[in-house]
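**Q** Have a look at this one before I ask anything.
The values are calculated or read from the model by the stated rules, or taken from the named source; none is laboratory data. The model shown is predicted, which means the values in this text are computed figures rather than measured ones. Here the Cβ positions follow ideal geometry from the backbone for every residue, glycine too, while neighbour counts run over all protein chains shown.
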Amino acid sequence: MTNYPNNLKNISPLIALLIIFAICLIYPNPLIANWSVKDVVIKGNERIEADTIKAYMAIETGRMITPESLNRALKELFATGLFADITISHKDLDLIVNVVENPIINRVAFEGNQRIEDDQLSTEIQLRPRVVYTRTRVQDDTQRILDLYRGSGRFGATVEPKVIKLSQNRVDLVFEIDEGPSTGIRSINFIGNKRFSDSALRDEIVTKESAWYKFFTSTDTYDPDRLTFDRELLRKFYLRNGFADFRVLSSVAELASDKESFFITFSIDEGKRYKFGSVKISSNLSDLKEDALDSLIKTERGQWYDSDKVEKTIQEITNAAGDSGYAFVDVRPEIVRDGESLTIDIVYSINEGPKVYIQRIDVVGNMRTLDRVVRREFKLVEGDAFNAAKIRKSKQSIQNLGYFSKVDVENSQGNRADQSILTVSVEEQSTGELSFGAGVSSNEGLLGDIGIVERNLLGRGQILRLNTTLSTKSQEIDLSFTEPYFLGRNLLGGIDFFRKTSDQQDISSYDEKNLGGKIRIGYSLSDEFRHNVRYTLRRDEIKNIETNASRFIRDQEGTRTTSSIGHTLSYDIRDSKREPTEGYIVRFNQELAGIGGSVKHLKQTIDYSYHYPLGGGWVANAQVRNGHIVGLNQDVRINNRFLLGGGSLRGFEPGGVGPRDLSTQDSLGGNFFYTGTAELSFPLEISKQFPLSGSFFSDVGALTTIDESGSGIGDSGDPRMSIGVGFGYRSPLGPIRLDFASALMKKNYDRTEGFRFSFGTRF
């Protein structure tokens, strides 16, 4: 075949083509070129449906087939373990698949076994009736049976599998077993022992010499695993008696010539015998001081070295670390031997411990809330490495849900030394909220709002919110639904519907009506970094403009449709989202209007809030906020501009700061604003039953810039400033808040407010 191409050079091209064509006819091969499969024909199958085989192959009729796809189909079929042989050929455009099915096991039996029962053998092997027979599985089960016999001391056992063919491609599998004689221990000897006799050492190990009267025990048979355990027992025995350098040099098992027993020989090096010298504790953990741990040391200078006492000391220190909040620590004794004085100095070094893995997470105490709602807030899953920081974050995330009045996370030892079981204990609280709000202003008088929220709908963690604002100036209905784990993923999905009518006559001499909806999607980029995307469609109407209203407002009359997309990026490392005392949050928000509709603008805001604990319940808070809106080939409408005052700048009315028509005193809103707040909050608890809090604050800010211009507009970017004091009370009905503020820096056209009041309750 090597010279075949060279021979073609001496043949005319026509004859060469004829020869190649004849070879292809004689040796048809579907792998020569790609071709389209008309049909897949399965042959040889008796038990397995043809459609099932086709599904495994994943070859569709009418599609081009390649050598790679055929190879992949063969691998998929063999991987099922259902077939002993598979061949593929083709006829015309049909793919012919010939299969030889592996038989099905009808029965599994054992013969010759007396020492080990059938039930025990059946438990050990993998093959079962109605399971597909393969040679590989039979070989694996044969080895399992041999290992079982050798573990019971019968090293002469043999296992021979027999296959009895039946009709309908079934087989009986029979394991013929020759158990052989019990391989006992004829003698156990020690080499190198001086301090302790052979008989004393034999008493310390599990393996025993065979004797006629030891018919109730199996420890007189050879087991290599048991021999390994005996080496460890010898080491511990010598370490308890001061021999810190003890080593087992070797442990040899020799089979006797009659193959019925073993000779066991341990070669050991006892080493020198030591006493305890100085013992100290060194801690790298700030909360664990050496002086406080000295009383936990269980050894004294001059005593014979005892490894058990060292282990007890380590356990006592570990327990003390656990009481101090360290779930797992590495307490490592650093041993320094003095060969001349034959003493051992020990320094117990306390460091962060080895990795421990989560075996299981249990949730208890949740009667209404589903387990998955709690579990999805956990930063760890079964199998993850134990991480105290993530556990703390998980606990805080569960608390942030607001579903539970108390959340505890406890850990306990799992099935292995490197496993831990976490138990999340929760106490549920009411998640329905009925809130009332009220305020007093110099121009609007009393106003209030009513909100109904269920933050854990049907125990699924879903949020259903209905908010109604009622006052002499405005009426608003807002209905929203939020699924925090949309499509079973860490993806927040929500939808909102709103209708609002507001009386802005006292502020800007017009009425406004808004009707629309919103779709929201949010996801986490990290534990602290989050991104939210939204689409809003709303219809805004400015109407009932007073005849003596500002001309800048009269030009805004009419109905407009806004279609916008927006997003919010936030980075939050606060210790709590509801009542933060430490950390900060940064938010960046953008909105682009003009995706259809008649309103076109670009709007963005950024805000930063920082909390710093001062101790004793005192917390310092600093906030900065900035916003800007610009029209896209059109002026910004008054209802899309920023307003400043009220809660955003205490000491001033809502809309009391910013551009204003000086002739009509109508507030015009602004395109640019900034605010800053410095606040110091502190506890005023007379008693635990009367939790009061107080705060000192100072607000600063300004609102400026509109598209209109003229001498009749008051517009200044100069900062306004206020100072004040606030009081809070977590009453049985809910939180109550009172703020008293006074404007220190203002313009003569600004409107001020000295007092604000709000309260809420829950059900």
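**Q** Just for the stretch 718-763: of the residues that are among the small types (Gly, Ala, Ser) and in contact with a Lys or Arg (Cβ under 8 Å, 6 or more places away or on another chain), which one is modelled with the lowest pLDDT?
**A** Gly734
**Q** Something else about it: List the strands (runs of 3 or more DSSP E) that sit entirely inside the stretch 67-173 and contain at least 2 residues that are under 17 Å from Ile53 (Cα atoms). Show your work before the answer.
**A** Working: elements: 83-91, 94-101, 104-111, 158-166.
Here the list reads 83-91, 94-101.
**Q** Let me ask something else about it. Given the conditions (1) surrounded by 15 or more Cβ atoms within 10 Å (Cβ to Cβ); (2) closer than 29 Å to Tyr305 by Cβ, and given that Tyr222 satisfies all but one, which numbered condition is not satisfied?
**A** (2)
**Q** Follow-up question, since we're still on this one. Name the residues in the stretch 232-273 that are of a type in the set (Phe, Trp, Tyr), more than 24 Å from Thr343 (Cα to Cα) and in contact with a Phe, Trp or Tyr (Cβ under 6 Å, 6 or more places away or on another chain), would you?
**A** Correct list: Phe262, Phe266.
**Q** So which strands (runs of 3 or more DSSP E) stay within the stretch 448-530 end to end and still have 3 or more residues that are at pLDDT below 90 and small (Gly, Ala, Ser)? I'd like the intermediate steps shown before the answer.
**A** Working: elements: 462-470, 474-483, 491-503, 511-524.
Those strands (runs of 3 or more DSSP E) do not exist here; none qualify.
**Q** Now for a different question. Consider the stretch 31-66. How many of its residues are touching an Asp or Glu at 6+ places or on another chain (Cβ under 7 Å) and part of a helix (DSSP H, G or I)? Break it down stepwise before answering.
**A** First pass over the stretch 31-66, keeping only residues touching an Asp or Glu at 6+ places or on another chain (Cβ under 7 Å): 38-39, 41, 45-48, 56-58, 61.
Filter once more, so that each one left must be part of a helix (DSSP H, G or I): 56-57.
The number of residues fulfilling the criteria is 2.
**Q** Also, I was wondering about something else. Would you mind telling me which numbered condition in (1) of a type in the set (S, T, N, Q); (2) surrounded by 16 or more Cβ atoms within 10 Å (Cβ to Cβ); (3) over 42 Å from the mean Cα position of the chain (by Cα) Gln168 fails?
**A** All conditions are met except number (2).
**Q** Here is a further query. Scan (1) part of a strand (DSSP E or B); (2) over 30 Å from Gly271 (Cβ atoms) for the single condition Ser182 breaks and write down its number.
**A** Status for Ser182: all satisfied but (1).
**Q** Among the residues of the stretch 683-717, count how many are at pLDDT below 90 and either in a strand (DSSP E or B) or not assigned by TED's automatic domain parsing to the domain that holds Asn671 (or both).
**A** Looking only at that region, the number is 7.
**Q** Looking at the stretch 61-83 only, could you name the residues that are touching a residue at least 24 places away in the same chain (Cβ under 8 Å) and either under 41 Å from the mean Cα position of the chain (by Cα) or within 23 Å of Arg170 (Cβ to Cβ) (or both)?
**A** Scanning the stretch 61-83 gives Leu70, Leu77, Thr80, Gly81, Leu82.
**Q** Kindly evaluate Thr87 against the criterion of being touching a strand residue (DSSP E or B) at 6+ places or on another chain (Cβ under 8 Å) and more than 15 Å from Leu173 (Cβ to Cβ).
**A** yes
**Q** Glu541 is checked against (1) of a type outside the set (Val, Ile, Thr); (2) exposed (fewer than 15 other Cβ atoms within 10 Å of the Cβ); (3) farther than 26 Å from Gly488 by Cα and fails just one. What number does that condition carry?
**A** Failed condition: (2).
**Q** Does the stretch 588-604 contain at least one residue that is modelled with pLDDT under 95, assigned to a strand (DSSP E or B) and among the hydroxyl-bearing types (Ser, Thr, Tyr)?
**A** The answer is no, given that none of the residues of the stretch 588-604 is modelled with pLDDT under 95, assigned to a strand (DSSP E or B) and among the hydroxyl-bearing types (Ser, Thr, Tyr).
**Q** Which residues, counting only those in the stretch 274-285, are surrounded by fewer than 16 Cβ atoms within 10 Å (Cβ to Cβ) and closer than 20 Å to Gly339 by Cβ?
**A** Ser278
**Q** Please enumerate the residues belonging to the stretch 562-597 that are among the polar types (S, T, N, Q) and over 22 Å from the mean Cα position of the chain (by Cα). Spell out the reasoning first.
**A** To start, the set of residues in the stretch 562-597 that are among the polar types (S, T, N, Q) comprises 562-564, 568, 570, 576, 581, 589-590.
Thr562, Ser563, Ser564, Thr568, Thr581, Asn589, Gln590, listed by residue number.
**Q** A further question on this structure: Taking the stated definitions as given, is Gly596 out of contact with any Pro (no Cβ under 8 Å at 6 or more places or on another chain) and loosely packed, with under 15 Cβ neighbours inside 10 Å?
**A** It is true that Gly596 is out of contact with any Pro (no Cβ under 8 Å at 6 or more places or on another chain) and loosely packed, with under 15 Cβ neighbours inside 10 Å.
**Q** OK, next. Restricting the stretch 274-287 to residues that are touching a Phe, Trp or Tyr at 6+ places or on another chain (Cβ under 7 Å) and assigned to a loop (DSSP other than H, G, I, E, B), which is modelled with the lowest pLDDT?
**A** My answer is Leu285.
**Q** Right, next: For Ser576, state whether it is in the same structural domain as Trp618 (by TED's automatic domain parsing), in a strand (DSSP E or B) and among the small types (Gly, Ala, Ser).
**A** It is false that Ser576 is in the same structural domain as Trp618 (by TED's automatic domain parsing), in a strand (DSSP E or B) and among the small types (Gly, Ala, Ser).
**Q** Write out, first by first residue and then by second, each pair whose Cβ atoms fall under 8 Å of each other, whose residues are 6+ apart or on separate chains, and whose first residue, in the stretch 100-127, is on the phi > 0 side of the Ramachandran plot while the second is in a loop (DSSP other than H, G, I, E, B).
**A** Hits for this filter: Gly112/Glu179.
**Q** Also: Only one of these conditions is not met by Leu249: (1) loosely packed, with under 14 Cβ neighbours inside 10 Å; (2) among the hydrophobic types (A, V, I, L, M, F, W, C); (3) part of a helix (DSSP H, G or I). Which number is it?
**A** Checking Leu249 against (1) loosely packed, with under 14 Cβ neighbours inside 10 Å; (2) among the hydrophobic types (A, V, I, L, M, F, W, C); (3) part of a helix (DSSP H, G or I), the one that fails is (3).
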